[in-house]
Amino acid sequence: MLPLGLGQPADRPLRLLVVGAHPDDIEIGAGGTMLALSSDRGGGQGLEVHYLVLTGTPDRQLEAKAAARSFLPGADLTVELRDLAEGRLPALWVEAKDVLEGVARSFKPDLILGPSPHDAHQDHRTIGQILPTVFRDSLSLAYEIPKWDGDLPQPSLYWPLSSDAAHRKTELLHKCFPSQHVRDWWDDDVFLGLARLRGMECRAPYAEAFSCTKAVIGRREEV
C-alpha cells in the first residue's frame, strides 16, 4: 500500500467541489474527509469549496446548509442547492448536466468528491456518470454510501480517520440531519462500522473509502 499526498497549490487555496444528489449524501460518503481537509488547511483558510446538492425539499435544504457549514468550518464556502425531482435524475439528465456545467464555467476544482457512476441508486449513478464528462482535469474521487441495495464497491483509495474524527463525523450527521433519524439504518453502528472496516483495510483506526478511475502521480506542468 503506497501513501500519496494531496498537494497544496502554492499561490492559492485548494479548490474543492463536493456534489451530492440528496442532502446528506456528501456527508455520509465524505464527511470525515471534509473535516480533515478543513482542519489540515489552517481551519479552512486554505480551502475554497463549492458545495452542490441537486435535489431536496426546503426543509432538507436547510439541513444541507447547516451541514455544509459544520463539516467545512472556516472554508471559503459557496453553497448551491437545487430542487430537481428526487428519484428522477436519469430522466433529468440534461438539467443535471446543465447545473454541473454552470459550476464548471466559474469554478475549476483541484479535487472533486462525488457519487460513484456504479452506485445502485439512480440519482447517485446519474451524477457519477455526468461528472467526468464535465470536469476532465480534476482529481475526482467517488465516495460510497451504504444502503439496502448492498452495492458497496471495492475501493482503490482510502482517507484514514482518527477515532475522534470518525466519531465527530457521526455526531454531526445526527445533529445536521434530524429528518433522517426515523430511518432504520441511520445509526452509529452503520456509520462507524463501515468506517472501521475501511480503516482495517488501510491500517488505520477508521477511514473513508473512494474509487478513482484515473489519476496522475505528481504535479502536471501547466500547458
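FYI, it's all coordinate maths here, none of it is from the lab. Treat the numbers as computed from the prediction; the structure is a model and nothing was measured. Using ideal geometry, Cβ is built from the backbone for each residue, glycine included, and neighbour counts are taken over all protein chains shown.
Among the residues in segment 123-141, are any in contact with a Phe, Trp or Tyr (Cβ under 6 Å, 6 or more places away or on another chain), buried (at least 22 other Cβ atoms within 10 Å of the Cβ), on the phi < 0 side of the Ramachandran plot and not charged (D, E, K, R)? Yes, there is a match, as at least one residue in segment 123-141 is in contact with a Phe, Trp or Tyr (Cβ under 6 Å, 6 or more places away or on another chain), buried (at least 22 other Cβ atoms within 10 Å of the Cβ), on the phi < 0 side of the Ramachandran plot and not charged (D, E, K, R).
Conditions tested, residue by residue: (1) surrounded by 15 or more Cβ atoms within 10 Å (Cβ to Cβ); (2) in contact (Cβ under 8 Å) with a residue 40 or more places away in the chain.
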{"residue": "Pro13", "(1), (2)": "yes, yes"}
{"residue": "Leu17", "(1), (2)": "yes, yes"}
{"residue": "Leu77", "(1), (2)": "yes, no"}
{"residue": "Gly102", "(1), (2)": "no, no"}
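For Leu52, the criteria (1) free of Cβ contacts under 8 Å to residues at least 40 places away in the same chain; (2) in contact with a strand residue (DSSP E or B) (Cβ under 8 Å, 6 or more places away or on another chain); (3) over 18 Å from Trp159 (Cβ atoms) hold in every case but one, which is (1).
Scanning segment 64-85 for residues that are closer than 21 Å to Asp40 by Cβ and not β-branched (Val, Ile, Thr) yields a count of 11. One residue stands out in segment 193-213 among those that are over 17 Å from the mean Cα position of the chain (by Cα) and in a helix (DSSP H, G or I): the one that is surrounded by the most Cβ atoms within 10 Å (Cβ to Cβ), namely Gly199. The residues listed here are Val190, Val182; of these, the one that is without any contact (Cβ under 8 Å) to a residue 24 or more places away in the chain and of a type in the set (A, V, I, L, M) is Val182.
Taken as a whole, segment 155-176 holds no residue that is free of Cβ contacts under 8 Å to residues at least 24 places away in the same chain and part of a loop (DSSP other than H, G, I, E, B). From the list Val216, Val190, the lone residue that is more than 16 Å from the chain's Cα centre (by Cα), aliphatic (A, V, I, L, M) and exposed (fewer than 15 other Cβ atoms within 10 Å of the Cβ) is Val216.
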